[in-house]
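The values are calculated or read from the model by the stated rules, or taken from the named source; none is laboratory data. Owing to the predicted nature of the structure, the values given are computational and were not obtained by experimental measurement. Positions of Cβ are generated from backbone atoms using ideal geometry, with glycine treated the same way; all protein chains shown enter the neighbour counts.
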2 protein chains.
Amino acid sequence: MVAIPEEVLRWLDAPEFAVIATILPSGRPHQAVVWVTRDGNDVLVSTVKGRRKHLNVEADPRCSVIVYPKDSPYSYVEVRGTAEVEDEGARELIDRLCQEYTGNDRYTADDGTDNVRIILRIHPEKVVTLIR
Amino acid sequence: MVAIPEEVLRWLDAPEFAVIATILPSGRPHQAVVWVTRDGNDVLVSTVKGRRKHLNVEADPRCSVIVYPKDSPYSYVEVRGTAEVEDEGARELIDRLCQEYTGNDRYTADDGTDNVRIILRIHPEKVVTLIR
């Protein structure tokens, strides 16, 4: 376990967008823009059960999450780690993220249905930061 | 070869930041924030010879580039493809990108030296877009 430096935790606590990279079955990298937060030193990403990044981390949990602040895009934190898939608290997490990013209390999927949400809990193993 | 949809080309032509994912020798994904542009249907990223993403694509050219516009972050284009490394025109490209992103005519590295630049020319093989 590697600690995320204190001075970049604020980017994970703020509603900054992140990009998560996972590995497709072919070995190719796959990327997606996501909301992100943290629980202590773990990075948390919410996704839908069965979606590509969920399937990818089930097959290979190694992933990377990068955040560059909207107002300071030459600064960034890249967290490389291993994702654990969690069900518990997934609905609460997506609603909390939704509140933080959009101001709406409850997240509703584009198609109006409530998908089954899961949490990707990423344990940092390598952290690269640049603050400019 | 897969065509990048017309309606997202403007994000590649504008000075929007991108994230490139490549594969580390260990098989883990690696991400970096980059300036990006295009040459026709190829995505162009500038980097320094010998830098991690250069070494990664020399070993495995499969990569992903994702752009979400600063003012519309729920829209994105992800281009998955194969990177070809080019030397020719690399200095001109970094200066052009520098001009577009910062307004300065000539790019100078942080340490004041002129590193040897290369171009990652990415041939799209799969393109995923969402416009909201």
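Within the stretch A:43-59, the set of residues being charged (D, E, K, R) and surrounded by fewer than 20 Cβ atoms within 10 Å (Cβ to Cβ) comprises A:49, A:51, A:52, A:58. Taking the criterion of being part of a strand (DSSP E or B) and over 16 Å from residue B:6 (Cβ atoms), the residues of the stretch B:27-38 that qualify are B:29, B:30, B:31, B:32, B:33, B:34, B:37. It is to be established whether one or more residues within the stretch A:89-103 are over 18 Å from residue A:119 (Cβ atoms) and within 13 Å of chain B (Cβ to nearest Cβ). There is at least one residue in the stretch A:89-103 that is over 18 Å from residue A:119 (Cβ atoms) and within 13 Å of chain B (Cβ to nearest Cβ).
Taken together, the residues in the stretch A:3-35 that are within 21 Å of residue A:85 (Cβ to Cβ) and in contact (Cβ under 8 Å) with a residue 12 or more places away in the chain amount to 16.
Of all the criteria given as (1) touching a His at 6+ places or on another chain (Cβ under 9 Å); (2) within 22 Å of residue A:116 (Cβ to Cβ); (3) small (Gly, Ala, Ser), the one not satisfied by residue A:81 is (2).
Counting residues in the stretch B:71-79 that are over 11 Å from the mean Cα position of the chain (by Cα), modelled with pLDDT of 95 or more, of a type in the set (A, V, I, L, M) and buried (at least 23 other Cβ atoms within 10 Å of the Cβ) gives one or more. Counting the residues of the stretch A:74-121 that are in a loop (DSSP other than H, G, I, E, B) and of a type in the set (Phe, Trp, Tyr) gives 2.
Quick check: anything in the stretch A:4-23 within 13 Å of chain B (Cβ to nearest Cβ), outside any loop (DSSP other than H, G, I, E, B), surrounded by fewer than 19 Cβ atoms within 10 Å (Cβ to Cβ) and in contact with a strand residue (DSSP E or B) (Cβ under 8 Å, 6 or more places away or on another chain)? No, the conditions are met nowhere in the stretch A:4-23. Scanning the stretch A:44-73 for residues that are part of a loop (DSSP other than H, G, I, E, B), within 22 Å of residue B:23 (Cα to Cα) and facing chain B (nearest Cβ under 9 Å) gives A:60, A:68.
Can you find a residue in the stretch A:94-104 that is surrounded by 12 or more Cβ atoms within 10 Å (Cβ to Cβ), touching a His at 6+ places or on another chain (Cβ under 7 Å) and over 18 Å from residue B:19 (Cβ atoms)? The answer is no, given that none of the residues of the stretch A:94-104 is surrounded by 12 or more Cβ atoms within 10 Å (Cβ to Cβ), touching a His at 6+ places or on another chain (Cβ under 7 Å) and over 18 Å from residue B:19 (Cβ atoms).
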